[in-house]
1. Condition first: buried (at least 19 other Cβ atoms within 10 Å of the Cβ), of a type in the set (A, V, I, L, M) and under 19 Å from K184 (Cα atoms). Now tell me which residues in the stretch 205-221 satisfy that.
2. Report, ordered by the first and then the second residue, all pairs with beta carbons closer than 9 Å, sequence separation of six or more or different chains, a first member in the stretch 143-171 that is under 19 Å from S130 (Cβ atoms) and among the polar types (S, T, N, Q), and a second member that is at pLDDT below 85 and loosely packed, with under 15 Cβ neighbours inside 10 Å.
3. Which is of a type outside the set (D, E, K, R) and within 21 Å of G246 (Cβ to Cβ), of V225, V181, V192?
4. From G84, G78, which residue is modelled with pLDDT of 95 or more, surrounded by 18 or more Cβ atoms within 10 Å (Cβ to Cβ) and under 11 Å from the mean Cα position of the chain (by Cα)?
5. Taking the condition of being closer than 17 Å to V188 by Cα and assigned to a loop (DSSP other than H, G, I, E, B), how many residues in the stretch 229-245 meet it?
6. Could you say whether any residue in the stretch 40-50 is in contact with a strand residue (DSSP E or B) (Cβ under 8 Å, 6 or more places away or on another chain), modelled with pLDDT of 95 or more and assigned to a helix (DSSP H, G or I)?
7. Could you tell me which of the residues I105, I91 is assigned to a strand (DSSP E or B), of a type outside the set (K, R) and within 23 Å of R171 (Cβ to Cβ)?
8. Tell me, which residue of the stretch 143-185 that is under 19 Å from D126 (Cα atoms) and of a type in the set (D, E) is modelled with the lowest pLDDT?
Amino acid sequence: MKGRDTISMIWNRVRSSKGPAAAQASETEGDTDLIYAVGDIHGRLDLLVGLLEKIILDRARTLSSFKVAPKSFIVFLGDYIDRGHSSKQVIEYLNRLDIVGSELIFLKGNHEQVALEFLDLENLNDKWLSYGGIEALASYGLSVQPGEINQIKLVELKKKFKETLPDHHLRFLEGLHSYWVRGKYMFVHAGVKPGEPLLNQTDMEYLWIREEFLDGIQKLPLIIVHGHTPESSPVWDGRRIGVDTGAYISNKLTAVKLLGGSVNFIST
């Protein structure tokens, strides 16, 4: 598997409290930016490395046509962990990632939220384990057999995970933003509730919403760039750009490239 040094050198749709927000920009700002937004990784470090290589090569080709290079951003839309088998490795990789010339924006997904809730020793909810947390724990060296967890074992497991999770991984998870706005785009993990002020919603919308957002037809004040709901191909319908292509099962990790109003997709 190619490592960080290389980067430095160069699924149909599944149905099924407001956190810290990133700095916002005015609507006119960002029209000439070069922005890449990466969909749900879910513990697939191999796909992440491959996609970033493609992004970096594409960025170099794109910027070579400019006399004055536009600002460059790479936005990660959350769900770095669970389901796949390299959650720990993905977090470590992203922690150390430094792509010269691009600002990196890390957003929070519902899987990160549930993992953080799992660390609360007073919360005996074990739903994270059924969301892919078993695979994530395995990447940190903690083996869990489905169906063996009772309340006593759950508390023990929480304590072990809290002790095992590196401090810089916890800081990374706790420091994730709920959304980021740049120009005419709003980047968020799951979506927004139509009819409500976009920047005054909660993580229940930003991290979890599906049908109400996906099936909406009314025009939104901003174009929403999101992941969360796996689709067989990335979607651009004039109101939303969806880039979750179910990487952990499809082997297809997708990003969208935004520049001067153009929308293009890059996938593994």
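The values are calculated or read from the model by the stated rules, or taken from the named source; none is laboratory data. Source: prediction; values computed, not measured. With ideal geometry, Cβ positions are generated from the backbone for all residues, glycine too; neighbour counts draw on all protein chains shown.
1. Residue satisfying the conditions is L214 alone.
2. What qualifies is Q151/L124.
3. Values: V181 fails: within 21 Å of G246 (Cβ to Cβ); V192 fails: within 21 Å of G246 (Cβ to Cβ).
None of the others qualify; the one that does is V225.
4. Result: G78 is the single residue among G84, G78 that is modelled with pLDDT of 95 or more, surrounded by 18 or more Cβ atoms within 10 Å (Cβ to Cβ) and under 11 Å from the mean Cα position of the chain (by Cα).
5. Of all residues in the stretch 229-245, those closer than 17 Å to V188 by Cα come to 229-231, 234-245.
So of that shortlist, the ones also assigned to a loop (DSSP other than H, G, I, E, B) come out as 229-231, 234, 237-239, 243-245.
Residues flagged as closer than 17 Å to V188 by Cα and assigned to a loop (DSSP other than H, G, I, E, B) within the stretch 229-245 amount to 10.
6. The first filter runs over the stretch 40-50 and keeps only residues in contact with a strand residue (DSSP E or B) (Cβ under 8 Å, 6 or more places away or on another chain), leaving 41, 48.
After this cut, where a residue has to be modelled with pLDDT of 95 or more as well, the list is 41, 48.
From what is left, the residues that are assigned to a helix (DSSP H, G or I) are 48.
Yes; the residues of the stretch 40-50 include at least one that is in contact with a strand residue (DSSP E or B) (Cβ under 8 Å, 6 or more places away or on another chain), modelled with pLDDT of 95 or more and assigned to a helix (DSSP H, G or I).
7. I105
8. Ranking the candidates gives E148 first.
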